[in-house]
Structures are given as structure tokens and as C-alpha cells.
């Protein structure tokens, strides 16, 4: 494979507008999906209660609803998961301590497995969402600053565009598939933020290195040549790395159990989007911006600093 | 000339590492503290309000609440309770591996302020009048009761004198646990016995001048009497606690999650190992060694930090493997490139190592920035994830960069690999002529 990868004569920069168009189209579609379907917010973000009931036998929603009725409780919804052996009951209100105790006793007696119960008050839900948002914003600023110092501003911005591209993709797919968004989802998005940036940086690092060897980088075509060369050189690494991480994320998705599945799915989507954006979007975006910057500089006496 | 000494050194190091890991890994994994999502347990976030209205919620008050909570948890025999103050008015309690979650929850949030009142709800005596830590369970006609000791028997004598002179049915001393403004004895006494909010209401017919008082309850079960005793001895909370977030995981749920995630982890890591061996040959084998060391070190470091392993934490660990693999791949791809450009194995190894270092460094730092922000702004499970991610990145940097380099260096410097680019996964035909 490596020899074939090395001999690729694909012009990554020439076709940039097609890639931009593909991403733009997908982003619009994703935006529509989010607008229409919304997100399936878990109680971490919407407040209320959630009861996970497990049994050794297959459960039915009627059976579970009836038990709750017996306790004088009215779940908002009861859904089955894990091949029908797990039932998830959602409540709009926070269950109080005594209700939690009653539910635990009832279902432990019934199925001999203690249910898991979470309750979140609206205040806490708002705090969680707020903190997550602040975290992403601060992380972005930190990353731009670091890239600006180690590389250059334009690459920092290109990396952040790629990052939001990837994060948006995860959110869109979660909206389409209506997978529950909970606190581990936030962790997954932030991991992808780290990965995406990691991936982009590896390519930019090669561009930075190749720019040093170039005698003259005066026009957009020069920039395009360097970008193409760098992308081909790092292609084997990009593919191999994403393959290995996809192995891990897929194993988690298939074998990891209910609790970790949303996390693993988010990771998988983010990894694929991240690889796409670092090969087809980030460097091309930088090439376009750099080309414009060079054009401006032509009329000024200052030489290109690269 | 092949220098056999270096190859021998390589195998000695590998054997040593293998021996160290093989003999200690079971002990290390046993010591790891599992979070409540992996062994069952619960977590509650309380909003704290002062018990008295005129009281300010100060840091001191929060601290004394936390220490009172610790005392109560000791009663439950939970080995690793975690109680943290969050923000200005919140306390988070995490108890992993609690047997009776309902009992624990009740025990935690009860304010445990004992008061003695008249039938008009007028306070006569409070927990402050009791000797600290002197409550005990005694038996009265085979019935468990709680006995408390008074600081000042004279005060009690005065109170009982007054009450005993009141006409029936007002000659009663009502004992309340956590009397709330608005509670009324007259209302409660009309309710059935098991719904009454006060503990007991003994009639007082004579002046009592002894220094102990027996609370006989409505009658108590032995366990209830024990709990009340422990609560009284642990001291009352200076605040009221209201649950605003709680999550509880059944023990079986936790165990299942742990087993499944560990299985998934093994499968994922196994696939990665196979891929590395198949694609990168000798360096791939070295990557497998350093990755195994990485996983072992992570667990050791995690124990040192006394951190708790949670579900997202395991995910972070597996992702850390991905990062470590990436560092290996970047290095090996770079070495392969140098070999293809016609360099000798020795100089390709040196150049590849040097050039890949900055790449790996920059890529790791950017991820560290993201993980650091997560740590600073995340709570509970996200924080656990961030801790694991930061540890993973740091350790993977050490093993994948230095570890791999030292081990591969032994082979390269032995000259056993000279003219054998196939061991790096490079075909002779791919090498450019100089």
C-alpha cells in the first residue's frame, strides 16, 4: 500500500472547490436536520429523571409502565434497549429521595437487579451546558494561540474551521439518528476537538517543513504545490492512524455496552470527519488564504516571511 | 559486523519488562479504585442552605458540613467516599460500592437536629443540650431504644416539672428529629402512628432529675435505633441539604459496564497490535512492546494519583493507545520515507526520529490544551475523563517517543538491520538510487 500511496499524483488543491462544496452541502443538510429533528437531550441537559431497569428476561414497555403506575408514577416515556432486557423510563420531573427508594425496592424485588436512577434539576442542567460551551470556546482560543505561536495565524484559523466542521458533524449525526446527548457526549466532542486538531497539525507541520526548503513561494501555485506535496507525504500516516483509532472506537461501539455506546459512536463519526477535514479542507483553506495574502504582499516592499 | 551485544541488551530489556509486568500487573489492577459507574453506587449533588435563617453560608460552614458528612459515611463502611465542595453552595458526594443505597441517602441528607418540645411546639431543649458522642442503643423490655446523656440534668428537671403540672393530654414531651418551621404536634398526633413526623411523645407525670433520657421511638427496629444513634453521635448538620442532581448505578449495571468495556478494550487494542505488526514489521513489534508498557504504566500512575477509574476514563485510556500508536506511526513513516530516499538504515533512523519529534510534540500539546480545559471546566465524570486523557498523553509521549527510540535504536545500532529495509516494511524496489 505504501508504494501506491507515495505515487499518488492526485491534485488535492485543484479540486478544493469540490471538497468545499461537499462539506458545505453536508453542513447545510446537517443544519436542517438539527432544525427539524432537534437533539435528543438526555436528562443531563434537560432536567428530569431517568430510570434504567434491567432484567434477565425480555421486558415489555407495558409491563414496566404498569409497575410505575402501581407506585403512582407516570413516566414520560418507557423505551427498551439492549435486546429488550433493559428498559429506560424518563420522567419530566425530578424524582425525590423517597420515590427513588421506592422504585429501587420495587424493581430490585421484581427482577433481582438494582435499577440505576439519575435525577437532574433544571439549574444543574443549565450549568452543565454552559460549562461545556465555555470549555469549547476556551479550548479553541488556546489552540489558535498555540498554533499561531508555533506555526502562523492563518493555519490556526484553518485548524479551528476544521475543528468546528468536525464537531458540527457529530452533532448533526446525533440529531439524525436521535442518539441521546448526555455528559459523555460532551467528552466525546471534546476528544474529537483534540484529535481533529492533532490531525491537522501533523499536516501543517509538514507544510511548515516543506516551505523551508522552497526557494520561492510567491504565488498561489507555489503554495498549492507545497500543500499537495505535504498532503501526499503525510497521507500514509493519516490513513494508518485513523485506521488504528477506528479499530478502538468500533470495538467500543460493538462490544462496549449501553453506557458507553453514544460516546463510541460520536467518536467514530468525529474521527472520520476529522480525517476528511484534515486531508481535504484545512490545508486547502489555508492555501487559499495564503495565496490572497501573498497577492497583497506583492505590492508592498515587505518580503514573505516564510 | 553485527554487534550482538545490543541485540542481547534488547532481549534482556524486553524480558525484564515482561517479567515486571507479568508479576505485578494483577496486583496493580486489583488496587485500582473503580468509580461508581463501574461497581455501582451513587452520587448526589446537594444545594446547601443554612439551617437558621439569619446564618450566612460561609466556607467554614461548608467545611464543617463536609466533615459531618464524612463522619456519617464512616457508619456505612464505604471505603472511598468522595465529598467535594463545588462553587459557593454545593456539595457533591460520591459513594462507590454502597450496599444499601436507600439507607445511605437517608443517612446523608438528614439534618439530625434533635429537639424536645411542648405540645405547642415550643422548643425546650435541643441537641446542644446533649453530651456529644454519648448516645447509645440500650434495650428496654427487649425493645431497642436510644439513650442520650444530658449536659445539665437540672435544666431537664425544670422542664419536666413544668410539663408534669400541665393537664392531660398536654403533659407530654415531644421529641422531634429535624423539626421544620410549620410542623405542628397537634396535627401530627391525629395521623396514624407510622406517618407521624415526631419520634415520640412520652407523657411526663413526675419531675425527672436523672441525667439520661431514653428515646423509645415509635417503636424502633434495631437497625433504625442504630442509625439514630450514629446520626446523633456524628453530630447534626449545620445546614439543610437539598438534592439537585443524583445518579445511582445498580451494582450489576456497573459490573456489566466494566466487563463489556474491558472486553471491547482488549479487542480494539488487539486489532491495533495486529495492524502494527503486519504493516510495520520489526518497528511494529517494538510499538507493541512499548504500547503494552504504556498501558501498564498508565495503571501504575493512576494508582499513584489515587484517581478513580470511571467509564469515560477507560475510553480515554483506549484513546491514549490511539495517540501512542499515532506517535509510533509518525516516526516509522518518517523513517520509511528516509529509507526510500536512499539513506542508510542508520541515518534514516536518526533523521526520521529527529524530524518526527516536533510533529509529535506539537500534536500532543494541542490535545493537552483541550484536555486541560476539560479538566478545569468539567465536573465528576468529565473531569475523570480529562485526568485520564492528560495522564495518557504524557505517558504515551514518554513510551512512544523515548521508549520506542531506545529499543529500535538497539537494533539499528547493532547493524543487524543494515541492508534489510524489508524489516521496516520498505521494498527494495521503492528505494531511490542516490
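Odds and ends about this structure:
- Comparison of B:342, B:372, B:384 shows that the only residue that is more than 7 Å from every other protein chain (Cβ to nearest Cβ) and crowded, with 21+ Cβ neighbours inside 10 Å is B:384.
- Residue A:167 under 29 Å from residue A:286 (Cβ atoms), buried (at least 19 other Cβ atoms within 10 Å of the Cβ), under 19 Å from the mean Cα position of the chain (by Cα) and in the same structural domain as residue A:274 (by TED's automatic domain parsing): yes
- Failed item, numbered, when residue B:271 is tested on (1) surrounded by fewer than 18 Cβ atoms within 10 Å (Cβ to Cβ); (2) at pLDDT below 90: (2)
- Within region A:209-247, tally of residues that are within 21 Å of residue B:337 (Cβ to Cβ), at pLDDT 85 or above and more than 27 Å from the chain's Cα centre (by Cα): 7
- In the condition set (1) within 11 Å of chain A (Cβ to nearest Cβ); (2) touching a strand residue (DSSP E or B) at 6+ places or on another chain (Cβ under 6 Å), residue B:309 is compliant with all but (1).
- The lone exception for residue B:160 - which of (1) part of a loop (DSSP other than H, G, I, E, B); (2) within 13 Å of residue B:118 (Cβ to Cβ) it fails: (1)
Here is a yes/no grid of residues against (1) under 24 Å from the mean Cα position of the chain (by Cα); (2) under 16 Å from residue A:48 (Cα atoms):
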| position | (1), (2) |
| --- | --- |
| A:77 | no, yes |
| A:91 | no, yes |
| A:103 | no, yes |
| A:107 | no, no |
| A:120 | no, yes |
| A:149 | no, no |
| A:163 | yes, no |
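- Lone qualifier among A:135, A:167, A:125 - being under 24 Å from residue B:89 (Cβ atoms) and either out of contact with any helix residue (DSSP H, G or I) (no Cβ under 8 Å at 6 or more places or on another chain) or more than 8 Å from chain B (Cβ to nearest Cβ) (or both): A:125
Rundown of residues vs (1) outside any loop (DSSP other than H, G, I, E, B); (2) more than 7 Å from chain A (Cβ to nearest Cβ); (3) crowded, with 24+ Cβ neighbours inside 10 Å; (4) out of contact with any strand residue (DSSP E or B) (no Cβ under 9 Å at 6 or more places or on another chain), yes/no style:
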| site | (1), (2), (3), (4) |
| --- | --- |
| B:322 | yes, no, yes, yes |
| B:325 | yes, no, yes, yes |
| B:355 | yes, yes, no, yes |
| B:388 | yes, yes, yes, no |
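- When B:157, B:134, B:203 are screened for being under 14 Å from residue B:232 (Cβ atoms) and surrounded by 12 or more Cβ atoms within 10 Å (Cβ to Cβ), only B:134 passes.
- Residue in region A:79-99 that is on the phi > 0 side of the Ramachandran plot, touching a residue at least 40 places away in the same chain (Cβ under 8 Å) and either surrounded by fewer than 14 Cβ atoms within 10 Å (Cβ to Cβ) or within 12 Å of chain B (Cβ to nearest Cβ) (or both) present: yes
- Failed item in (1) in contact with a strand residue (DSSP E or B) (Cβ under 7 Å, 6 or more places away or on another chain); (2) surrounded by fewer than 16 Cβ atoms within 10 Å (Cβ to Cβ), with residue B:64 passing the rest: (1)
- Of all the residues in region A:249-293, those that are part of a helix (DSSP H, G or I), closer than 20 Å to residue A:180 by Cα and over 18 Å from the mean Cα position of the chain (by Cα) number 3.
- The strands (runs of 3 or more DSSP E) located wholly in region B:44-119 that include 2 or more residues which are under 27 Å from residue B:176 (Cβ atoms) and touching a residue at least 12 places away in the same chain (Cβ under 8 Å) occupy B:90-96, B:114-117.
- Against the test of being modelled with pLDDT of 85 or more and either touching a helix residue (DSSP H, G or I) at 6+ places or on another chain (Cβ under 6 Å) or more than 30 Å from residue B:248 (Cα to Cα) (or both), the options A:28, A:88 yield a single qualifying residue, A:28.
- For residue B:268, the conditions (1) more than 7 Å from chain A (Cβ to nearest Cβ); (2) part of a helix (DSSP H, G or I); (3) more than 21 Å from the chain's Cα centre (by Cα) all hold with the exception of (1).
- Of the candidates A:227, A:245, the single residue that is farther than 20 Å from residue B:352 by Cα, more than 9 Å from chain B (Cβ to nearest Cβ) and in a helix (DSSP H, G or I) is A:227.
The values are calculated or read from the model by the stated rules, or taken from the named source; none is laboratory data. Being a predicted model, the structure only gives us computed values, none of them experimental. Counting neighbours? That spans all protein chains shown, and the Cβs are built from the backbone with ideal geometry, glycine included.
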